[in-house]
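Undergrad: Here it is: the structure, laid out below.
The values are calculated or read from the model by the stated rules, or taken from the named source; none is laboratory data. Remember, it's a predicted structure, so these values are computed and weren't measured experimentally. Here the Cβ is made from the backbone with ideal geometry for all residues, glycine too, and neighbour counts use every protein chain on show.
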Amino acid sequence: MEQKVLMPGEVAGNYDEKWTKTFDLQFLILWLVLFVLLLIWTIVADPHLFEARRFFMMTGVKLFVMMMLALGGGLLCRHYCHVDAKGYIMTSKNGWFKVNYTRKIQHFAAYLVPLLSPPTEPLGILPHLWESLFVLLMFLILIKPIRERSTFFMLQFNSLDRVEDRPNTLKWIVLGNMLPGLLIITIFKQVFETYLGLPLLAAVVVFTVAIGDGLAEPVGTYLGKKKYVVPSWNMKNRYVRSYAGSACVYICALLFLVLYRGQFASPQEFWTAVVVFPPVMTFAEAFSPHSMDTPIMMLVGFSLLFGICAVL
């Protein structure tokens, strides 16, 4: 079957199917299972974590901030775009404003949350996992039976519902992006803290991915004259990217290496990263399937920086 090339803003599907037959129900079950498993793990391994009220309060504050950012993005989408009878955004590939832009803000906030931990908060992998589960909760409350009954939640869904991803928006965000991305951040942040003593160096990868990949879409849309296509992660359709957008990843990778140069243990590590890190991250973004570029870039970026700092 011939693959269709979908342009940004081009509607690919709808949400008419009953939610119990879609990923929404699977996501609900998955989140509850993860919650129970993490609860048991914490009770067995570190029950005193439940006494860290400040930690859970701050995690709740972070979740609230994410929701407010999503709400603002949804209001912005509705200001520039039409909605259908159920509240879903309707756009076209020729429209100048696209949900793709507000969606990147939400992704940036979601990946930044695990890095914003004050020194007084508990250390270890369990707090990171609890934070990640709360981030996933932000997306769980946007499943169909909730969002279609509340304008408040529908507005948040509007901010990340790329019309060219329908009806797979949540599925691709969670399975192809957030779940693996948060897991990779949690593991490598722990590795950078424990084995390298360089926890802040993890921010180089997160900022490169969040901002570099985030800028790639609007820059590519308006300035990217030379395009190329990549497959979706289910290989059914193809999506357009641009060389100008990919160049944003290179520039941001270089910029954040310079900003965090003091985190490297030696000049040799820093200059090796300057030579190797930006082009490798650019290629990782360029060749990743649509909606899977973030976790692939993170896995490549974290592994590369860890290798440089561990070997040199």
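Undergrad: Go over the candidates THR169, THR151 one by one and state the one that is touching a residue at least 24 places away in the same chain (Cβ under 8 Å) and farther than 16 Å from ALA109 by Cβ.
TA: Of THR169, THR151, the one residue that is touching a residue at least 24 places away in the same chain (Cβ under 8 Å) and farther than 16 Å from ALA109 by Cβ is THR151.
Undergrad: In the list LEU133, LEU160, which residue meets the criterion of being out of contact with any Gly (no Cβ under 8 Å at 6 or more places or on another chain) and either modelled with pLDDT under 95 or among the hydroxyl-bearing types (Ser, Thr, Tyr) (or both)?
TA: Of the residues listed, the single one that is out of contact with any Gly (no Cβ under 8 Å at 6 or more places or on another chain) and either modelled with pLDDT under 95 or among the hydroxyl-bearing types (Ser, Thr, Tyr) (or both) is LEU133.
Undergrad: Quick check: anything in the range 174-189 in contact (Cβ under 8 Å) with a residue 40 or more places away in the chain and not in a helix (DSSP H, G or I)?
TA: Checked the range 174-189: no residue is in contact (Cβ under 8 Å) with a residue 40 or more places away in the chain and not in a helix (DSSP H, G or I).
Undergrad: Shifting gears a bit: Could you please find all residues in the range 82-97 being modelled with pLDDT of 75 or more and out of contact with any strand residue (DSSP E or B) (no Cβ under 9 Å at 6 or more places or on another chain)?
TA: ALA85, LYS86, GLY87, TYR88, PHE97
The rows are residues; the columns are (1) in contact with a Ser or Thr (Cβ under 7 Å, 6 or more places away or on another chain); (2) modelled with pLDDT of 70 or more.
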| residue | (1), (2) |
| --- | --- |
| THR221 | no, no |
| MET235 | no, no |
| VAL240 | no, no |
| ALA247 | no, yes |
| PHE256 | yes, yes |
| PHE264 | no, yes |
| PHE270 | no, yes |
| VAL280 | no, yes |
| ASP293 | no, yes |
